[in-house]
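Encoded as structure tokens, the structure appears first; notes follow it.
Bear in mind that the values in this text are calculations on the coordinates, not laboratory data. As the structure is a prediction and not an experimental result, all values here were calculated from the model. Quick reminder, even Gly has a Cβ in these numbers, built from the backbone with ideal geometry, and neighbours come from all protein chains shown.
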């Protein structure tokens with residue numbers, strides 16, 4: 001089992017504050033892990049220097065497979081083309097990175113995810129396959145072997161005119177409905193998940209904490225119904241000089257291993273733990289009020 005871990009962050013455009021927060025969280029709880037940030041350019045990257053990261057540019061990880069994907073890609077989505085392409089292109093870049101050092105475990109982590117645990121402790125519980133997702137979302141995905149099979153699946157999909165015609169028809173039919181159809185990462189992941197054992201999901205309720213799917217998905221925990229969507233209630237505690245989140249279920253607390261601040265959740269993704277600084281009790285008290293009081297949460 002490869003126990004040397006590299007966290008992979010892919011980002012295009014201006015680097016948001018929540019990405020800084022996500023990287024610092026990884027460094028606090030995984031001090032020995034490698035953190036690799038891949039961007040289009042070097043904008044604002046020097047500000048991340050204190051977190052001891054490695055920065056690379058997307059242009060360094062080209063491959064014949066990536067070139068072929070760029071030729072075949074067809075935009076069938078209501079989301080911006082650059083975004084849809086980038087989230088798929090990162091899979092091709094990830095395989096290039098993995099080939100260069102196949103003796104490591106890689107974690108593809110979204111920039112809106114806060115880690116509150118040692119990722120190496122999860123390795124023994126993962127299924128033995130190349131791609132392991134933490135539930136129905138690729139926001140915290142373990143890569144432990146060649147992902148060529150998935151890349152071939154993507155390339156074959158975009159080379160299949162009949163499939164593309166079906167996807168285009170679904171997109172047009174659902175364009176103005178609540179059940180929109182997008183041909184992108186999520187669709188491809190779950191179609192591949194059905195057909196191949198090289199991609200699996202692991203039980204997100206672990207001995208080391210709950211691996212959150214989305215702060216706005218209750219997943220059986222207590223939540224507040226805000227204006228547009230629910231939000232899990234979170235109890236924050238100081239333990240060994242760090243702020244630790246707990247999800248609540250009928251008053252009982254379950255430690256969170258990660259919290260995924262997807263969508264509007266980004267507005268409450270703060271700098272929870274700072275390198276070299278112990279969190280203050282006033283800060284934690286304010287977090288508990290914000291994350292457990294509907295009236296206050298409605299303004300966030």
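Test of understanding: ordering 41, 222 by Cβ neighbours within 10 Å, fewest first, what list do you get?
With the fewest neighbours first, 41, 222 line up as 41, 222.
Restricting to the chain, what percent of DSSP beta bridges are antiparallel, rounded to 5?
On the way: 25 of 44 bridges.
Of the beta bridges lying entirely in the chain, close to 55 percent run antiparallel.
Relative contact order of the stretch 1-77: what whole-number percent is it, with Cα pairs under 8 angstrom and at least 6 residues apart?
Value for the stretch 1-77: 30 percent.
In Å, what Rg and Dmax follow from the Cα atoms of the stretch 205-297?
Reported Rg and Dmax, both Å: 12.7, 37.
Based only on other Cβ atoms within 10 Å, what is the fewest-to-most ordering of 238, 97, 107? Walk me through the numbers on the way to the answer.
Working: 238 15, 97 20, 107 24.
By the 10 Å Cβ count, ascending, the order reads 238, 97, 107.
Add -39500 (n - 2.57) for each DSSP H run of 4 or more in the chain, then divide by its residues: what number comes out at 222 nm, to the nearest 500 deg cm²/dmol?
Details: 8 runs with 95 residues, N = 300.
That comes out to -10000 deg cm²/dmol.
Angle between the Cα long axis of helix 148-159 and the longest principal axis of the chain, 0 to 90 degrees, nearest 10?
Helix 148-159 sits roughly 60 degrees off the main axis of the chain.
Determine, from the Cβ-Cβ distance of residue 163 and residue 299 and an R0 of 41 Å, the FRET efficiency 1/(1 + (r/R0)^6), rounded to the nearest 0.05. Please list the in-between numbers first.
Details: r = 45 Å, r/R0 = 1.10.
Calculated value: 0.35.
May I ask you to compute the full-extension gain from residue 186 to residue 4, defined as 0.36 nm times their residue separation minus their alpha-carbon distance, rounded to one decimal in nm? Could you put the intermediate results ahead of the total?
On the way: separation 182, 0.36 × 182 = 65.52 nm, distance 2.78 nm.
Difference between extended and current length: 62.7 nm.
Order of 282, 183 from fewest to most other C-beta atoms within 10 Å?
Details: 282 8, 183 22.
The fewest-first ordering by Cβ neighbours comes to 282, 183.
Quick one: Cα centre-to-centre distance for the stretch 94-160 and the stretch 1-63, in angstrom?
Using only Cα atoms, the two centres lie 16 Å from each other.
Using alpha-carbon pairs under 8 Å, 6+ residues apart, how would you state the relative contact order of the stretch 205-297 in percent?
Once divided by the residue count of the stretch 205-297, the mean separation gives 31 percent.
Could you calculate the contour length gain from residue 237 to residue 206, that is, 0.36 nm times the residue separation minus the distance between their Cα atoms, to one decimal place in nm?
Details: separation 31, 0.36 × 31 = 11.16 nm, distance 1.93 nm.
Going from the current span to full extension adds 9.2 nm.
Assuming R0 = 22 Å, can you tell me the calculated FRET efficiency for the pair residue 101 and residue 45, based on Cβ-Cβ distance, to the nearest 0.05? Each step should come with its number before you reach the end.
On the way: r = 21 Å, r/R0 = 0.97.
Efficiency for this residue pair is about 0.55.
Over the chain, what is the relative contact order in whole percent, taking alpha-carbon pairs under 8 Å and six or more residues apart?
Working: 491 pairs, mean separation 56.8, N = 300.
Once divided by the residue count of the chain, the mean separation gives 19 percent.
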